[in-house]
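Asks: Here's a structure for you.
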Amino acid sequence: MTGSVVHLPPQVQPPFTVYINGVPQQEGRDFELHDGALHFTRSLAQEGKLGFWRWFLGAWGIGTYRAHDSVDVRYEVDGRPAVAEGLAPEPESA
């Protein structure tokens, strides 16, 4: 099983707090920080683009669901709180 990597925007500098689906993550246990990217030990799911049939069913009020992990990072810029929302996880290359 492979992990996932999330590249941080350049303005995000430590200290910061990482959340997956609103749940705080702990550095050293859930992820490691290397070269401006978060490296997770587990695979994070990304839904991708909505296909025609899923859009069509949704237009009729029929919901379809796939796994989708939302990665958010809370940090500060000049003492003011900021959030980088919906960062896209990618499979980590071996």
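Asks: Mind listing whichever residues of segment 2-20 are over 11 Å from VAL73 (Cα atoms) and touching an Asp or Glu at 6+ places or on another chain (Cβ under 7 Å)?
Replies: THR2, GLY3, SER4, VAL5
Asks: Which residue pairs have Cβ atoms closer than 7 Å, lie 6 or more positions apart in sequence or on different chains, and pair a first residue in segment 7-21 that is surrounded by fewer than 15 Cβ atoms within 10 Å (Cβ to Cβ) with a second residue that is among the small types (Gly, Ala, Ser) and in a loop (DSSP other than H, G, I, E, B)?
Replies: Here the result reads HIS7/GLY36; ASN21/SER70, each pair linking segment 7-21 to a residue that is among the small types (Gly, Ala, Ser) and in a loop (DSSP other than H, G, I, E, B).
Asks: Need pairs with beta-carbon distance below 9 Å; first residue touching a residue at least 12 places away in the same chain (Cβ under 8 Å) and farther than 22 Å from ALA45 by Cβ and within segment 71-86, second of a type in the set (Asp, Glu) and part of a strand (DSSP E or B); sequence gap 6+ or separate chains.
Replies: ALA82/GLU76
Any read-out appearing in this document is the output of simple, stated calculations on the displayed coordinates, not a laboratory observation. These figures come from a predicted structure and were not determined experimentally. No Cβ is skipped: glycine too gets one built from the backbone with ideal geometry, and neighbour counts run over all protein chains shown.
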